[in-house]
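The values are calculated or read from the model by the stated rules, or taken from the named source; none is laboratory data. Owing to the predicted nature of the structure, the values given are computational and were not obtained by experimental measurement. Because the Cβ atoms are built from the backbone with ideal geometry, glycine has one as well, and the counts that use them run over all protein chains shown. SASA here: full protein model, heavy atoms, side chains in, ligands and nucleic acids out. Shrake-Rupley method; radii C 1.70, N 1.55, O 1.52, S 1.80 Å.
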Amino acid sequence: MELHHVGVAVPELAEAAERYRALGYRIVAEETLPDQGVRAAMLQSGASRVELLEPLGPETAVGRFLQKRGPGLHHLAFATPDLARTLAELAAAGAPLIDREPRRGFGGHLVAFVHPRGFGGVLVEFVEARP
Ligand code: ZN
């Protein structure tokens with residue numbers, strides 16, 4: 001599976017985006033996801049993507065992450081052509097799924113997360129990437 005993006009928790013999107021802009025990344029999508037408690041921006045340079053996540057409040061998942069660990073790497077996202085099948089395979093292998101079913105994520109993609117204890121301490125997201 002190819003890496004789809006790297007998720008980074010930040011206190012403030014615009015300021016963080018400037019840092020990546022200096023590396024040649026541009027914002028290709030920006031969206032507020034109230035159910036996930038974040039304002040997200042996808043930055044891209046060539047085939048590489050960085051997803052910046054700004055919490056909507058201190059009691060959101062990313063808000064708690066920032067309080068506990070500070071800004072920094074939040075998750076890795078891998079692209080799969082068939083998320084339902086990937087989830088079934090992960091469940092069969094005993095992976096600790098946070099999402100048992102695909103749900104709508106950033107950019108309208110179907111996404112699902114696996115708990116860090118299933119991937120050596122790394123929060124992992126799977127994205128059903130559409131062509
Ligand atoms: Zn992500």
Does L23 satisfy the condition of being loosely packed, with under 11 Cβ neighbours inside 10 Å, among the hydrophobic types (A, V, I, L, M, F, W, C), over 12 Å from F126 (Cα atoms) and away from the ligand (no atom under 14 Å from the Cβ)? yes
Kindly indicate the residue of the stretch 64-79 that is within 13 Å of the ligand (Cβ to nearest atom) and either free of Cβ contacts under 8 Å to residues at least 12 places away in the same chain or in contact with a helix residue (DSSP H, G or I) (Cβ under 9 Å, 6 or more places away or on another chain) (or both) and also farthest from L110 (Cα to Cα) among those meeting that condition. H74
Out of A9, A61, sole residue that is within 26 Å of L90 (Cα to Cα), surrounded by 13 or more Cβ atoms within 10 Å (Cβ to Cβ), free of Cβ contacts under 8 Å to residues at least 60 places away in the same chain and among the small types (G, A, S): A61
Flagged in the stretch 88-107 as within 13 Å of the ligand (Cβ to nearest atom), part of a helix (DSSP H, G or I) and among the small types (G, A, S), in numbering order, are G107
Looking at L52, L83, can you tell me which residue is touching a residue at least 40 places away in the same chain (Cβ under 8 Å), open to solvent by less than 70 Å² (accessible area, probe 1.4 Å), out of contact with any helix residue (DSSP H, G or I) (no Cβ under 9 Å at 6 or more places or on another chain) and of a type outside the set (S, T, N, Q)? L83
Of residues in the stretch 64-79 being within 19 Å of E128 (Cα to Cα) and in contact with a His (Cβ under 7 Å, 6 or more places away or on another chain), the one most open to solvent (accessible area, probe 1.4 Å): F78
